[in-house]
Amino acid sequence: MMGNLGVYIQVPFCQTKCTYCNFHTGVVSPGRFAPYSAAVCREIVNHRQLFESAGVTNSHSITPQTQSADTVYIGGGTPSLLEPQLLSQMFQALHASFDCSFKEVTLEADPETIDAQKAAQWAAAGFNRISFGTQSFVDEELKTAGRMHRRADIYRAVPILRAAGICNISFDLIAGLPKQTHASWRQSLREAIALGPEHISIYIMEIDEGSRLGLEVLQSGSRYNAKDIPSEETMAEFYELAQVELKSAGYLQYEISNWAKPGFESRHNLKYWQREPYLGFGAGAHSFSGAQRWANRHDAASYVAAISEGKSAVESVDTLTPVLALEEELFLGLRQLSGIELGRVERQYGVSLAEKVEELASRGMLEKRGGLVRLPASKLSVSNEIMVELLRSVPVVADAAR
């Protein structure tokens, strides 16, 4: 395994459930925040014992003796709802359990939850990066999507964070919200850029049965403004406009959904795409050791009950086969605009992908530059189709290599 350890902490609580949300989050009483935080702290402190009792066979390879944790990402949900003291307690548990040399500490926050006192306490606790659930700068779109904040909240919150000394801010924007138009999308992009965040993520609206809005669309219903969602072609045009606007503003695209000013790429998220080890704590959190992936149960109450009884909250453990590991290398590697080093992958997995890569390159679906293979910038909006076609050849070449 390469690189230092990343730590992810899941806080699955929100003020309201957005119509497009397909995450395992819920709206609960604030009285449940402290018991949940206490359970997360307990899981962190006892993580090795709890993981191994669930069938994680190589957790010893990512213990403090062999790994230094250098990134933390607290996501959700809306973890900025928690009192800063609860977040600080989680940090104390991490410092008690790992060799911590944090270079990037991210907190997901919604604009309406931010005030000067909280921001100062976050900075004092060690948070140096805030990931904003901005989504849009158009109030009608925010309201339709079930968001609590409005455009004015974004403009109010950013100076507060800057004044607190937080110098790394990321905005999320969604392309494809109900009622979104070319004009309103351009407005959101330009207002986001004008506020000068160091990082911007662009996500294309997902239509699946996991969200109320997605299910309504699939059932041809009209609730949640399902009839007002832009077409797939329009969403692709929004994405391509973002590529142009962000590049012009000096943001470098380093992953399919992510742009950053030079030096502000998300260190933590790069661990996911580069298959470096990370440990996840909290309900629904995932972990990766290099050879295994495991996940905690999603229900927060069930998670707290298990940890409080000294039991593991892990509900699934998967050991990666060589074929699955190779598929991950290709899928995650090609999400990055730096691409993959084809020779290294072929040597590591004992396969030959050159013929399939040449075929896709001849059709303009892949680019070859020296030993690197990557997706062309013009094809990122249809990246899934290209990856699926490449991955179809993986079982064949892997079996042949054996």
- Query: For region 140-160, which residues satisfy the criterion of being in a helix (DSSP H, G or I), surrounded by fewer than 22 Cβ atoms within 10 Å (Cβ to Cβ) and in contact (Cβ under 8 Å) with a residue 60 or more places away in the chain?
  - Reply: Thr144
- Of Phe127, Phe137, Phe132, Phe102, which residue is open to solvent by less than 20 Å² (accessible area, probe 1.4 Å), part of a strand (DSSP E or B) and either β-branched (Val, Ile, Thr) or touching a helix residue (DSSP H, G or I) at 6+ places or on another chain (Cβ under 9 Å) (or both)? Phe132
- If the Cβ limit is 9 Å and pairs must be 6+ apart or interchain, which residue in region 374-402 that is more than 23 Å from Ser352 (Cβ to Cβ) and at pLDDT below 80 pairs with which residue that is part of a helix (DSSP H, G or I) and polar (S, T, N, Q)? Ser381/Gln243
- Message: With the structure loaded, tell me whether Asp99 is among the acidic types (Asp, Glu), at negative phi and modelled with pLDDT under 95 or whether it fails that test.
- Response: yes
- Message: Tell me yes or no: at least one residue of region 92-115 is touching a Leu at 6+ places or on another chain (Cβ under 8 Å), over 16 Å from Asn269 (Cβ atoms) and among the hydroxyl-bearing types (Ser, Thr, Tyr).
- Response: yes
- Scanning region 89-99 for residues that are open to solvent by less than 80 Å² (accessible area, probe 1.4 Å) and among the small types (Gly, Ala, Ser), which turns out nearest to Asn4 (Cα to Cα)? Ser97
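So that you can scan it fast, the table gives a plain yes or no per residue for (1) at pLDDT 95 or above; (2) aliphatic (A, V, I, L, M); (3) buried (at least 20 other Cβ atoms within 10 Å of the Cβ):
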residue	(1), (2), (3)
Ala183	yes, yes, no
Ile193	yes, yes, no
Ile200	yes, yes, yes
Gly210	no, no, no
Glu216	no, no, yes
Gly221	no, no, no
Glu255	yes, no, yes
Pro262	yes, no, no
- Query: Is there any pair with a first residue in region 291-308 that is under 15 Å from Ile9 (Cβ atoms) and a second that is open to solvent by 10 Å² or more (accessible area, probe 1.4 Å) and polar (S, T, N, Q) whose Cβ atoms are under 7 Å apart and which are 6 or more apart or on different chains, and what are they?
  - Reply: Ala295/Ser316
- Task: Could you tell me whether any residue of region 70-85 is touching an Asp or Glu at 6+ places or on another chain (Cβ under 6 Å), within 20 Å of His298 (Cβ to Cβ) and among the polar types (S, T, N, Q)?
- Result: yes
- Item | Scan of region 184-213 for residues that are assigned to a loop (DSSP other than H, G, I, E, B) and touching a Lys or Arg at 6+ places or on another chain (Cβ under 8 Å), ordered by number | Glu198
- Cβ-Cβ below 9 Å, separation at least six or inter-chain, first residue in region 22-44 and part of a helix (DSSP H, G or I), second among the charged types (D, E, K, R): which pairs? Pro30/Glu83; Phe33/Glu83; Ala34/Glu83; Ser37/Glu83
- Could you pull out the residue among Ser287, Ser312, Ser302 that is at pLDDT 95 or above, out of contact with any Gly (no Cβ under 7 Å at 6 or more places or on another chain) and not in a helix (DSSP H, G or I)? Ser312
- Which residues, taken from region 324-349, are within 24 Å of the chain's Cα centre (by Cα) and part of a helix (DSSP H, G or I)? Leu324, Ala325, Leu326, Glu327, Glu328, Glu329, Leu330, Phe331, Leu332, Gly333, Leu334, Arg335
- Task: Return a yes/no flag: does region 112-124 have any residue that is within 19 Å of the chain's Cα centre (by Cα), assigned to a loop (DSSP other than H, G, I, E, B) and modelled with pLDDT of 95 or more.
- Result: no
- Of the residues that make up region 9-29, is at least one open to solvent by 10 Å² or more (accessible area, probe 1.4 Å), at negative phi and at pLDDT 95 or above? yes
- Task: Among the numbered conditions (1) touching a strand residue (DSSP E or B) at 6+ places or on another chain (Cβ under 8 Å); (2) closer than 30 Å to Leu189 by Cβ; (3) at pLDDT below 95, tell me where Tyr73 comes up short.
- Result: (3)
- Message: If I go through region 358-371 residue by residue, how many of them are surrounded by 14 or more Cβ atoms within 10 Å (Cβ to Cβ) and more than 15 Å from Val388 (Cβ to Cβ)?
- Response: 3
- Query: When you look at Ala163, is it surrounded by fewer than 18 Cβ atoms within 10 Å (Cβ to Cβ), out of contact with any strand residue (DSSP E or B) (no Cβ under 6 Å at 6 or more places or on another chain) and aliphatic (A, V, I, L, M), yes or no?
  - Reply: yes
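The values are calculated or read from the model by the stated rules, or taken from the named source; none is laboratory data. Note that the coordinates shown come from a computational prediction; the quantities given were computed from them, not determined experimentally. Note that each Cβ is placed from the backbone with ideal geometry, even for glycine, and that neighbours are counted across all protein chains shown. Protein only, heavy atoms only, side chains kept; ligands, DNA and RNA dropped before computing areas. Shrake-Rupley method; radii C 1.70, N 1.55, O 1.52, S 1.80 Å.
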